[in-house]
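Reviewing the structure listed below.
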Amino acid sequence: MSIAETSIFPSVALVVVNWNTYGYTKNCLDQAAKLDYPNFEVILVDNGSSDGSGDRIQAEYPHITFLSNDRNLGFTGGNNRGIDVALERGFSYIFLLNNDTYFDPGFLDPLVSHMEMHPGTGAVQPLIYESNGAKGVWHAGGVFNRFTGKTSSIKRTVDLQSPYPSQWLTGCAFLVRSTVVRQIGTLRDAYFAYFEDVDWSFRIKHAGYTLEIVPQAVLHHEVSASTKSKTKLKEGFLSPAAHYLNVRNQFLLLKSEPIGLVKQTAWPYQIVTGLAVLGYFVLRLRIKKLRAAADGLWDGLRDHPKSEIPPDISCYL
């Protein structure tokens, strides 16, 4: 008997990825254990952690499904491992959830309820605040500028009472129908991290589904917990790897041909933007980030989003 047949509540696979962040993962799993929703299971993927956090989690949480990768496969590879298992086990919904998030016990139910009442909706997510909310809204919907190819998050509340459409959803908290994933495929490994959620969102919309924000569900997110230093280093807070992936993957997204994209303006705009990033790092004498961004620009122009080979970012970490 499949999991989906064991309850009147649709089954949800909560996919959480750990990579050298034991504290965040432990906190996330402890919160998940208190969720009011009666039919979910946690699938924890340790993404090649080198600090022993995977072994600790496996020992301390024997009731969850624990998967281990022998190396860091990125946000895409880590989550795809969990997604594949969720599909094999027959879950109705798959919920990608960052481990650096904070949520109340009742936040999952409004998301699933909305999906159940609206079969044309392919995926939803909660209203997301940054950290403890002191810095305000982090993501209240995704916007895509078809003339520049630029994506941005709405940083203000839009509607606190009713669900509303979004052009794309962030992978921080992404609830999607398993039937949709079977139709469009999993996250594209070529991205590794950054923009893979936008790409997935556009593919869901290409398949004829809508994307929505459900503001009755609220989440708090510690932004860039795995790639941002808490203390300022010689070259800033954000790692060179993040800059490499951001520059590179912007071009992969353009190559995926989002709905309505105006290539004649978007491509020149993004090339100039990439060159401006290089100029900034030259002026600030941030050599490691300059190299990473330059490589990202070059690889972005030559790589393709449908490639099954993820980039090697080890030299930027």
Could you pull out the residue among I64, I43 that is touching a Gly at 6+ places or on another chain (Cβ under 9 Å) and not hydroxyl-bearing (S, T, Y)? I43
Where a residue in segment 165-193 is within 12 Å of K306 (Cα to Cα) and its partner, wherever it lies, is of a type in the set (S, T, N, Q) and not in a helix (DSSP H, G or I), with Cβ under 7 Å and at least six apart: A190/S307
What's the number of the condition F91 fails, among (1) part of a helix (DSSP H, G or I); (2) surrounded by 16 or more Cβ atoms within 10 Å (Cβ to Cβ); (3) of a type outside the set (K, R); (4) more than 18 Å from the chain's Cα centre (by Cα)? (1)
For segment 206-239: of the residues being at pLDDT 90 or above and of a type in the set (S, T, N, Q), which is surrounded by the most Cβ atoms within 10 Å (Cβ to Cβ)? S239
The listed residue being surrounded by 14 or more Cβ atoms within 10 Å (Cβ to Cβ) and either over 18 Å from V112 (Cβ atoms) or not assigned by TED's automatic domain parsing to the domain that holds N79 (or both), out of V176, V181, V137, V143: V137
So if I check each of T65, T121, which one is in the same structural domain as V180 (by TED's automatic domain parsing), over 16 Å from the mean Cα position of the chain (by Cα) and surrounded by fewer than 20 Cβ atoms within 10 Å (Cβ to Cβ)? T65
Just wondering, is there one or more residues in segment 264-273 that are touching a residue at least 40 places away in the same chain (Cβ under 8 Å), surrounded by 20 or more Cβ atoms within 10 Å (Cβ to Cβ) and assigned to a loop (DSSP other than H, G, I, E, B)? no
Search segment 72-89 for residues that are under 16 Å from V12 (Cβ atoms) and assigned by TED's automatic domain parsing to the domain that holds P10 and pair each with any residue that is assigned to a helix (DSSP H, G or I) and basic (K, R) when their beta-carbon atoms are under 8 Å apart and the residues are at least 6 apart or on different chains. L87/R182
Does D109 fit the bill of being acidic (D, E) and either surrounded by 22 or more Cβ atoms within 10 Å (Cβ to Cβ) or at pLDDT below 95 (or both)? no
Residues that are of a type outside the set (D, E) and more than 27 Å from D36 (Cβ to Cβ): which strands (runs of 3 or more DSSP E) entirely in segment 110-191 hold 3 or more of them? 142-145, 150-153
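The values are calculated or read from the model by the stated rules, or taken from the named source; none is laboratory data. Keep in mind it's a predicted model, so treat the numbers as computed, not measured. Every residue, glycine among them, receives a Cβ derived from its backbone with ideal geometry; neighbour counts consider all protein chains shown.
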